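First up is the structure itself, then whatever we jot down about it.
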Amino acid sequence: MSKLIRVAAVQAEPVWLDIDGTTQKTLQLISEAASGGADLVAFPETWIPGYPVFLWSYPVYEQMQFVARYHANSVALDGPQVAAIRDAAREHSITVVVGFSEKDGGSLYMSQAVIGPDGGILQLRRKLKPTHAERTLFGEGDGSSIKVVPTPVGRLGALQCFEHLQPLTKYAMYAQNEQIHVAGWPCLGILGDVPALSPESIMAATQTYALEGSAFVIASTQIMSDDGALKFPTAEGKPTPVYTGGGGFARVYGPHSAMITEPLDPQVEGIVYADLDLAEIDLAKNTVDPAGHYARPDVTQLLFNDAPRDPVIRTGAQAEPRNAVSEAIEAVGTEPSKSELASAQQ
């Protein structure tokens, strides 16, 4: 019998526009997931400091008050917030996938970090193409962000939001023999009345990923309360006009596409758990494996450039081209965290 892997999907409200408050809540949820026996816990898209709801709420000239706060509360990879999350992963011996607004110089990126149970950063990825209004705030990732990485729980990949509607991006992930996929979503309680943005359409896309990729898919979402909607007020102090309530749809789908968790109330915070048997993937792929035996490379093929791209390439004799993301991971992955330094000094 295969060893079961317990995964946890977070459904919770961030402390809006508050980097430290949301980080503290992250640590509490990691502890709760570990206490529930989870080997892996998944957080939503831009969990820290919360999805920038203002982008969809107001014209650009009315967003400036929010933009400055969003920059100030975005996460630097080498900052204390990531160090604290790494420490929590190590303390509880749990793999963590967390979404956050990453600040790199003067630019922001919609990022996800895969942190191993030893606290090491296994992957930092940036959303390949921010969606619609998001492009006014965030920069783009590159092909190196479309990657499945080996972890203690299996071959793990992650995408965010409408990356799950990009057929070629999905196919590039399927082709890497992904076993567990984290689908990070924002609050589904904004613009939920728009058919393409409705929870029903979004969960259908998430379920389709499980079916096409023959992978376990962990969907994690933010929620928004009535008080949270007031964090993005109109000029009259009313809630953001795009708020449609709740928005929590955390769940796990199996490689056969069926939902294997019981859904929570969309307005209630919580964690859903599922026990995964990776052997089920073989049975699913035996029927349909779109990037394997069910492919027809003589008819259609994917051209996939997964090389990292950097805006500056130094050509000096002693310099080698480096990617900013790779350099950042290398730096934080090899240097001790603050807690390790403190322990060493005692």
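The values are calculated or read from the model by the stated rules, or taken from the named source; none is laboratory data. This one's a predicted model, so the numbers in the text were calculated from it and none came from an experiment. Neighbour counts run over all protein chains shown; Cβ positions are idealised from the backbone, glycine included.
The table for this structure:
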read-out	value
Filter result for V96 (in contact (Cβ under 8 Å) with a residue 60 or more places away in the chain and under 24 Å from E163 (Cβ atoms))	yes
Residue list for region 209-225, restricted to those being touching a strand residue (DSSP E or B) at 6+ places or on another chain (Cβ under 8 Å) and not hydrophobic (A, V, I, L, M, F, W, C)	Y209, G213, S220, T221, Q222
L128, sole failed condition from (1) under 24 Å from T23 (Cα atoms); (2) out of contact with any strand residue (DSSP E or B) (no Cβ under 7 Å at 6 or more places or on another chain)	(1)
Subset of region 63-76 (residues that are within 14 Å of G21 (Cα to Cα) and in contact (Cβ under 8 Å) with a residue 60 or more places away in the chain)	Y70
Hey, I180 of a type outside the set (F, W, Y), surrounded by 24 or more Cβ atoms within 10 Å (Cβ to Cβ), in contact with a Leu (Cβ under 6 Å, 6 or more places away or on another chain) and farther than 30 Å from M64 by Cβ or not	yes
Set F249, F216: member being in contact (Cβ under 8 Å) with a residue 24 or more places away in the chain, hydrophobic (A, V, I, L, M, F, W, C) and in contact with a Ser or Thr (Cβ under 8 Å, 6 or more places away or on another chain)	F249
Candidates G248, G292, filtered to the one that is surrounded by fewer than 16 Cβ atoms within 10 Å (Cβ to Cβ) and either of a type in the set (G, A, S) or within 28 Å of P44 (Cβ to Cβ) (or both)	G292
Flag for A210 being in contact with a His (Cβ under 8 Å, 6 or more places away or on another chain), crowded, with 16+ Cβ neighbours inside 10 Å and hydrophobic (A, V, I, L, M, F, W, C)	yes
Residue that is surrounded by the most Cβ atoms within 10 Å (Cβ to Cβ) [pool: residues in region 1-19 that are among the charged types (D, E, K, R) and more than 13 Å from F100 (Cβ to Cβ)]	E13
Members of region 264-286 found to be within 17 Å of K3 (Cβ to Cβ) and either at pLDDT below 95 or charged (D, E, K, R) (or both), listed by number	D275, D277, E280, D282
All positions within region 189-213 that are free of Cβ contacts under 8 Å to residues at least 60 places away in the same chain and of a type in the set (D, E, K, R)	D193, E200
Looking only at region 25-62, and only at residues there that are polar (S, T, N, Q) and without any contact (Cβ under 8 Å) to a residue 24 or more places away in the chain, the one that is surrounded by the most Cβ atoms within 10 Å (Cβ to Cβ)	Q28
Cross-chain or 6+ apart pairs with Cβ under 8 Å, region 77-91 first and closer than 12 Å to V332 by Cβ, then of a type in the set (D, E) and modelled with pLDDT of 95 or more	L77/E102; L77/D104; Q81/D20
Per-region count, region 90-105, residues crowded, with 24+ Cβ neighbours inside 10 Å and either under 20 Å from L156 (Cα atoms) or out of contact with any strand residue (DSSP E or B) (no Cβ under 8 Å at 6 or more places or on another chain) (or both)	7
All positions within region 1-13 that are closer than 30 Å to H71 by Cβ and not in a strand (DSSP E or B)	E13
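Residues checked against (1) surrounded by 23 or more Cβ atoms within 10 Å (Cβ to Cβ); (2) out of contact with any helix residue (DSSP H, G or I) (no Cβ under 9 Å at 6 or more places or on another chain); (3) farther than 24 Å from F66 by Cβ; (4) at pLDDT 95 or above:
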{"position": "E140", "(1), (2), (3), (4)": "no, yes, no, yes"}
{"position": "P150", "(1), (2), (3), (4)": "no, yes, yes, yes"}
{"position": "L159", "(1), (2), (3), (4)": "yes, no, yes, yes"}
{"position": "C187", "(1), (2), (3), (4)": "yes, no, no, yes"}
{"position": "E200", "(1), (2), (3), (4)": "no, yes, yes, yes"}
{"position": "S220", "(1), (2), (3), (4)": "yes, yes, no, yes"}
{"position": "L230", "(1), (2), (3), (4)": "no, yes, no, yes"}
{"position": "T240", "(1), (2), (3), (4)": "no, no, no, yes"}
